[in-house]
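What follows is a short report on a single structure.
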Amino acid sequence: MKAGERPIGVFDSGVGGLTVAHAIRQALPGESLIYFGDTAHLPYGDKSEEAIRNYSRRITDFLIGYDSKMVLIACNSASASAYETLLGEFGSKILIMDVINPVVEYVTSHNYRKLGVIGTKRTISSGTYEKKIHDASASASVYSLATPLLVPMIEEGFIFDDISNAIIRTYLSDSGLNDIDALILGCTHYPIIRNQISKFFNFNVEVIDSARIVAQRLRVMLEQNDLLNKGRTGEDLFFVSDYTEYFGKIARMFFEGNINLQKADIWR
């Protein structure tokens with residue numbers, strides 16, 4: 001198989017990374033994907049950095065075993081905790097990309113006065129978004145808020161109902177988010193409830209969809225390394241470490257029909 005025809009490896013703790021995988025499919029229809037959802041360990045947001053790094057190493061090794069030409073960390077918690085580790089250990093033989101740096105590049109290219117960031121406890125406590133944004137744009141004000149109930153809420157299928165609306169309203173009513181110009185969805189699960197979040201702000205705040213931004217940056221990286229696939233050559237494969245009906249439902253929704261979903265218990 002030619003280098004460009006090899007698949008793109010994508011991983012997340014669960015269904016969240018499917019928002020990024022779907023954006024890649026739309027932006028790069030010629031590419032094939034190998035997706036791994038670590039449903040046995042979700043959510044990553046309440047795990048230690050050491051645990052997340054260990055999970056990420058093993059999953060990256062698994063994706064390399066499927067001859068991936070690059071690995072995308074489609075999880076903010078793993079991007080904050082494990083990106084530098086994976087880059088150091090695997091970067092000499094495969095492209096490694098995270099979901100935080102492309103978003104930071106995007107927001108610092110705009111003149112936002114005040115930014116909000118919502119994410120898991122791990123992502124927010126790492127301070128990664130604030131540090132990277134301030135390093136690139138000293139004038140931008142950033143307010144970060146941990147919203148830990150959103151991932152399990154989404155993974156359990158509580159979306160577009162009174163329960164999810166109440167949780168979203170409670171979090172976003174935090175006074176620190178008053179008068180923000182834009183809100184970074186610092187978790188790849190959150191685009192699933194993007195419309196509900198936008199509605200809370202009466203559609204007056206730009207709710208930044210990291211999936212689209214990441215897909216565009218990924219295309220640039222493939223082009224720069226002469227790895228862009230001009231014609232589709234393989235099927236998409238989806239793996240989970242623990243099968244859940246909801247994962248299959250969401251995956252079929254994003255990819256419109258039957259998908260090749262398999263359980264891979266890589267922790268034995």
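Assorted remarks:
- Cross-link partners for residue 93 among the aspartates and glutamates, with Cα-Cα distance under 20 Å and sequence neighbours closer than 8 places in the same chain left out: 5, 31, 61, 67, 84, 223, 226.
- For region 72-141, the dipole from Cβ point charges (+1 on Lys and Arg, -1 on Asp and Glu) about the Cα centre works out to 240 debye, to the nearest 20.
- Between the amide H of residue 70 and those of 9, distances stay under 5 Å, these residues lying 5 or more places away or on another chain, with hydrogens modeled in the peptide plane.
- Placing unit charges on the Cβ atoms only, positive for Lys and Arg and negative for Asp and Glu, gives the chain a dipole magnitude near 340 debye about its Cα centre.
- Förster radius 22 Å - calculated FRET efficiency between residue 195 and residue 258 (Cβ-Cβ, nearest 0.05): 0.25
- Leading residue at positive end of dipole, region 101-210 (Cβ point charges), from 193, 164, 107: 107
- Computed [θ] at 222 nm, helices only, for the chain once each DSSP H run of length n ≥ 4 contributes -39500 (n - 2.57): -13000 deg cm²/dmol
- Flagged links, alpha-carbon separation over 29 Å, of 114/249; 69/263; 2/132; 132/263; 114/199; 131/263: 114/249; 2/132; 132/263; 131/263
- Three-way shape label, region 92-248, alpha-carbon gyration tensor, a/c 1.5: oblate
The numbers here are math on the coordinates, done by the rules we state, and not lab data. Because the structure is predicted, anything quoted here is derived from the model rather than measured. Don't worry about glycine lacking a Cβ; one is built from the backbone with ideal geometry, like all the others, and counts go over all protein chains shown.
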